[in-house]
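Working notes, beginning with the structure itself.
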Amino acid sequence: MRDFAISPLPRWAERLWAEVGLAVALGLALAVLGPFRTSESDPLQRIGFWIGLSALWFVIVMAIDSLVDRAPFAREIGGFQRLALKVAVAAVPMLVFVMLGVQALFHFTPDWHKLLHLYPRTVLVGAGLTLVSSALFSGPLRTLDRRAVPETPPEPPPPLPQLEAHPLQARLPAHLRGAILCLQTEDHYVRIHTPRGSALILMRMGDAVAAMGGTGMRVHRSWWIAHDAVKSCTRNGRTLRIELANGLVVPVSQPYARTAREALGLA
């Protein structure tokens, strides 16, 4: 069976889908526990109530994250304080959805007095959801204290060697020519990736790899990468993925895993 490479999702989309899945799991758990007398309601309505509110909480917190992190005073407080601030702020707009959920679940509209009583409960549940999310997805709790370590702009990646004289360069459109970052098989074609984009050429993968010589390595049946293009790599058990200088994430298949680990110093 042919191996297919999956285009990586943006980091914000990965986080969103991960937290949607977490919202479903935590919502089901809360529906089973039935806190705040929700156990007295219909089971299906209770499940929808908790899953819906959990998902909305994570969406609101993602929006609050960017607002709080951009505030000048946020750099002067520690990780736990920022977390508490985000939870307290997110609970305010969340009250609107809690009120609508309570109205749908219990068939009555809470007055302002009862609505004020819902705020600390919203903070309590929201803090629990956020703590679980932080523990699982390296959220605010694992953020370094910005007072102890001042922020510095990331260093630009080292310039990639330009291979204008390489034979594969001549087969690329002029506006895409540059350092070859990686090669990717697509049926009978090879897609050549450069910092300026990518293009397909009619060529066998083996011939393209041979033309590149010792400037890189094969990491997958469908992928060859240049040594100088490697930006970082991540491991999840036996699964290894390599991020290139252009942001492309390349999978490493098992037949090539040992060679790749040795070349990257992960053996």
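General observations
- Packing rank of 193-199, 232-238, 176-182, where each peptide gets the mean count of other beta carbons within 10 Å, highest leading: 176-182, 193-199, 232-238
- Cα-projected label distance for Ala263 with Leu28, points at 7 Å along beta-carbon direction, nm: 4.1
- Modelled label positions at Asp42 and Asn236, each set 7 Å beyond Cα in the direction of Cβ, lie 3.8 nm from each other.
- Note on Asp187: accessible area is roughly 120 Å² with a 1.4 Å probe, heavy atoms of protein only.
- Backbone amide hydrogens, once placed in the peptide plane, bring Leu181 within less than 5 Å of His193, Thr194, excluding anything fewer than 5 places away on its chain.
- Scanning residues 5 or more positions from Cys233 or on other chains, those with amide H under 5 Å from its amide H are Glu243, with H placed 1.01 Å from N in the peptide plane.
The values are calculated or read from the model by the stated rules, or taken from the named source; none is laboratory data. The model shown is predicted, which means the values in this text are computed figures rather than measured ones. Neighbour counts run over all protein chains shown; Cβ positions are idealised from the backbone, glycine included. All accessible areas refer to the heavy atoms of the entire protein, side chains included, with ligands and DNA or RNA removed. Shrake-Rupley method; radii C 1.70, N 1.55, O 1.52, S 1.80 Å.
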